[in-house]
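A.B. asks: Please find one structure pasted underneath; my questions will follow.
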Amino acid sequence: MAKCRSCGAEILFVPLPSGNSMPCNPELVQFWANPNAKGKVVMQTGEIVSCDFDGPLEEMTDVGYISHFATCPFANSHRKKRKP
Ligand SMILES: [Zn+2]
């Protein structure tokens, strides 16, 4: 598995429909889709959905991955980097 160059955490590259891939935390999390929520999750299909991360279990939308940038303690250094 790939590792984050900043913090060393294991990351999973989830392929997106655009052809890019999103570095995500390897753990699947439960989410509740909500267009007004601030949270974002990447579904196993690569679709990115606004969502909450808690709610009634019987209304859970699906499970997905959280972008590693959302939790990386060194996220700021990611943002400064540019792809060659
Ligand atoms: Zn990291």
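A.B. asks: Based on the alpha carbon coordinates of the range 1-71, what radius of gyration and maximum Cα-Cα distance (Dmax) apply, in Å?
C.D. replies: Rg then Dmax for the range 1-71, in Å: 12.3, 38.
A.B. asks: What ranking do V49, V63 get, fewest neighbouring Cβ atoms within 10 angstrom at the top?
C.D. replies: Neighbour counts put them in this order, fewest first: V63, V49.
A.B. asks: Answer with one residue from C4, P26, G64: the one whose Cα lies farthest towards the positive end of the charge dipole of the chain, charges on Cβ with Lys, Arg +1 and Asp, Glu -1.
C.D. replies: The listed residue farthest towards the positive side: C4.
A.B. asks: Still on this structure: M1: net charge of surrounding residues, Cβ under 13 Å, Lys/Arg +1, Asp/Glu -1, itself excluded?
C.D. replies: The answer is -1.
A.B. asks: How about the chain: which GluC sites (Glu not before Pro) there lie in a loop by DSSP and see at most 10 other Cβ atoms within 10 Å?
C.D. replies: Passing both the DSSP loop test and the Cβ count: E27.
A.B. asks: Further question: Where in the chain lies the longest segment free of chymotrypsin sites (Phe, Trp or Tyr not before Pro) that are both loop residues by DSSP (not H, G, I, E, B) and have at most 14 other Cβ atoms within 10 Å?
C.D. replies: The answer is 1-52.
A.B. asks: Give me the extension gain from A70 to K38: residue separation times 0.36 nm, minus the current Cα-Cα distance, reported in nm with one decimal.
C.D. replies: 10.4 nm
A.B. asks: Continuing with this model, one more query. Which trypsin sites (Lys or Arg not before Pro) does the chain hold that lie in a coil by DSSP with at most 13 other beta carbons within 10 Å?
C.D. replies: R5, K38, K81, R82
Any read-out appearing in this document is the output of simple, stated calculations on the displayed coordinates, not a laboratory observation. These figures come from a predicted structure and were not determined experimentally. No Cβ is skipped: glycine too gets one built from the backbone with ideal geometry, and neighbour counts run over all protein chains shown.
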